[in-house]
Each structure stands twice: as C-alpha cells, then as structure tokens.
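The values are calculated or read from the model by the stated rules, or taken from the named source; none is laboratory data. Not measured: the values here are computed from a predicted model. Here the Cβ is made from the backbone with ideal geometry for all residues, glycine too, and neighbour counts use every protein chain on show.
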Amino acid sequence: MSKRAEEAALKAYPVEMTPLVYQDLIDQFGGKTEIDVNTYSRCLFQACYEQAEKDIISIIESRISEIIGDAQPKPILRMELQDLIRRIKEE
C-alpha cells in the first residue's frame, strides 16, 4: 500500500470513534466498546487513490511509448515523463 494514499485517506476520513451502545454490537465487534465509523470509507478511498496512481502511470507510459515510436524523438519530453512516473511511485 502506498504511504501517500494512506495519508490522503486518513486526512479525508480521520479516525472517528463512536461508542457501541448495545451489548449485541459489542459482542459482534469482539468486546470493543467503540468503533471507528470512518474505517470503510477510508479503506475505499485508499484503494481508489492507489488505482488512480496506477492508471496515471499507465497513461504516461503509453505516451512514452508513442514518443519513442515517433520518427522525431523528443528526449526532453520523454525524460520529463519518466521523472513524473518516478515521483508518483516515490513513497
């Protein structure tokens, strides 16, 4: 999992503990008396964020392939795109 995605998800959906009132809910959650109501939203946000990173990298890599296949190579643009991929992958 991407550290950047985890931080963005926590910022968008911070930990918000809510007390469980009913004993059957407490039993269902393994004896916990509080739960984080943002857990599901945060996990979903993080998964989507990571998928978006992968999609962006894929698009950039396809553009690099087009540039390499071009009759007149553009080395500066190619290097800038490769640098962009490197920065997205950094954690």
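Structure above, values below:
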{"read-out": "Any hit, region 45-57, residues being part of a helix (DSSP H, G or I), among the polar types (S, T, N, Q) and touching a Ser or Thr at 6+ places or on another chain (Cβ under 9 Å)", "value": "yes"}
{"read-out": "Matching option when the condition is surrounded by 11 or more Cβ atoms within 10 Å (Cβ to Cβ), more than 16 Å from residue 8 (Cα to Cα) and at pLDDT below 85, among 76, 64", "value": "64"}
{"read-out": "Filtered residues of region 17-33 (kept if surrounded by fewer than 12 Cβ atoms within 10 Å (Cβ to Cβ) and among the charged types (D, E, K, R))", "value": "24, 27"}
